[in-house]
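The values are calculated or read from the model by the stated rules, or taken from the named source; none is laboratory data. These figures come from a predicted structure and were not determined experimentally. No Cβ is skipped: glycine too gets one built from the backbone with ideal geometry, and neighbour counts run over all protein chains shown. Remember, those area values only see protein heavy atoms, side chains included, never the ligands or the DNA or RNA. Shrake-Rupley method; radii C 1.70, N 1.55, O 1.52, S 1.80 Å.
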Amino acid sequence: AQTVTQSQPEMSVQEAETVTLSCTYDTSESNYYLLWYKQPPSRQMILVIRQEAYKQQNATENRFSVNFQKAAKSFSLKISDSQLGDTAMYFCAFSGGATNKLIFGTGTLLAVQP
Amino acid sequence: SAVISQKPSRDICQRGTSLTIQCQVDSQVTMMFWYRQQPGQSLTLIATANQGSEATYESGFVIDKFPISRPNLTFSTLTVSNMSPEDSSIYLCSVPRAGQDTQYFGPGTRLTVL
C-alpha cells in the first residue's frame, strides 16, 4: 500500500522569501505521479505541480518547483518569492497503479507573513 | 480543464437525518470520486463511482451509510445517511484529468451535523 507523509504540520515564511515543504512517500509501484495541491480558505483544491516518476528532471511551474529524489522517496515543494496569496494548506499526493486514486499526506499549513 | 459544481455548498443538519450532495461536471467522465475531509484533516477517499455499475467503496466506508448514484456520465450524488456529529466534514467530488493521473476537484460541501 502507498503512504504519503508530511512531517511539517505548520510553516511560516516572510513575504518574498523562499520556503520548502517536505514530503516523503512509500510505494512498490514503478509508474506513478507525485502531486502538490493547494487548499486556500475557500477550500477549493488547486493543483500546484505534478511530477512523473520516470522523469529525472524536476518539475517547475513559475515560482513553484520540486526536488524529486526517487531513491530516497522524497518530493519537496519549493515556493520562491512567497506571496500573501500562497497562504493555504498544501497537500502532497501520490497517484499510481490502475485506479487513478489519490493518496494524500496530512498537509502543511503555510502562512505567508507580510 | 473540467468545471465541477457541487450542491449544496454548505448545510447544517440535525442528527439522524440524511443529506444528498450533488456533483455536476461539464464534460463526460467515466469515473468520479468522492472524498471526505474531516475538520483539520486530509482528504480520504470514500468511493469511486463508475457510470452503469455499483460504486466501489474504500475500507471503512459502506454503502448503507454513503449510498452513491451515478445516473449518467456528468452527474453523481452522495448521500450521508443517519447523520451524527462525527459526519461533520467537507465532502468533495473529483474527476480524473485525462491522461495526466491528476484530478480536478469540486468546490466541496461543508456539512455540519448538530
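Tabulated data for the structure shown
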item	result
Matching entry among A:Gln44, A:Gln51 (being assigned to a loop (DSSP other than H, G, I, E, B) and either under 17 Å from A:Phe104 (Cβ atoms) or hydrophobic (A, V, I, L, M, F, W, C) (or both))	A:Gln44
Test: residue in region A:55-71 that is among the β-branched types (Val, Ile, Thr) and surrounded by fewer than 15 Cβ atoms within 10 Å (Cβ to Cβ)	yes
When residues of region A:92-107 are limited to those that are touching a Ser or Thr at 6+ places or on another chain (Cβ under 6 Å) and not small (Gly, Ala, Ser), the one most open to solvent (accessible area, probe 1.4 Å)	A:Thr106
Residue list for region B:9-34, filter: in a strand (DSSP E or B), open to solvent by less than 90 Å² (accessible area, probe 1.4 Å) and within 13 Å of chain A (Cβ to nearest Cβ)	B:Met31, B:Met32, B:Phe33, B:Trp34
Only listed residue being farther than 22 Å from A:Asn100 by Cβ, open to solvent by less than 30 Å² (accessible area, probe 1.4 Å) and within 14 Å of chain B (Cβ to nearest Cβ), chosen from A:Pro9, A:Pro40	A:Pro40
Single match in B:Ser42, B:Ser89 (criterion: free of Cβ contacts under 8 Å to residues at least 12 places away in the same chain, surrounded by 14 or more Cβ atoms within 10 Å (Cβ to Cβ), closer than 19 Å to A:Gly107 by Cβ and within 14 Å of chain A (Cβ to nearest Cβ))	B:Ser42
Total residues in region A:74-85, condition open to solvent by less than 60 Å² (accessible area, probe 1.4 Å) and under 13 Å from the mean Cα position of the chain (by Cα)	5
Where a residue in region A:65-80 is within 17 Å of A:Thr3 (Cβ to Cβ) and its partner, wherever it lies, is open to solvent by 70 Å² or more (accessible area, probe 1.4 Å) and outside any loop (DSSP other than H, G, I, E, B), with Cβ under 9 Å and at least six apart	A:Lys73/A:Asp26; A:Phe75/A:Gln69; A:Ser76/A:Gln69
Number of the condition not met by B:Thr48 [criteria: (1) more than 22 Å from A:Pro41 (Cα to Cα); (2) open to solvent by 20 Å² or more (accessible area, probe 1.4 Å)]	(2)
Boolean, A:Asp26 is over 25 Å from B:Gly106 (Cα atoms), of a type in the set (Asp, Glu) and without any contact (Cβ under 8 Å) to a residue 60 or more places away in the chain	yes
Identity of the residue in region A:55-110, small (Gly, Ala, Ser) and assigned to a strand (DSSP E or B), that ends up nearest to the other protein chains (Cβ to nearest Cβ)	A:Ser95
Within region A:76-97, tally of residues that are hydrophobic (A, V, I, L, M, F, W, C) and over 18 Å from A:Tyr25 (Cα atoms)	4
Residue tally, condition in a strand (DSSP E or B), facing another protein chain (nearest Cβ under 7 Å) and either under 11 Å from the mean Cα position of the chain (by Cα) or among the hydrophobic types (A, V, I, L, M, F, W, C) (or both), over region B:93-109	1
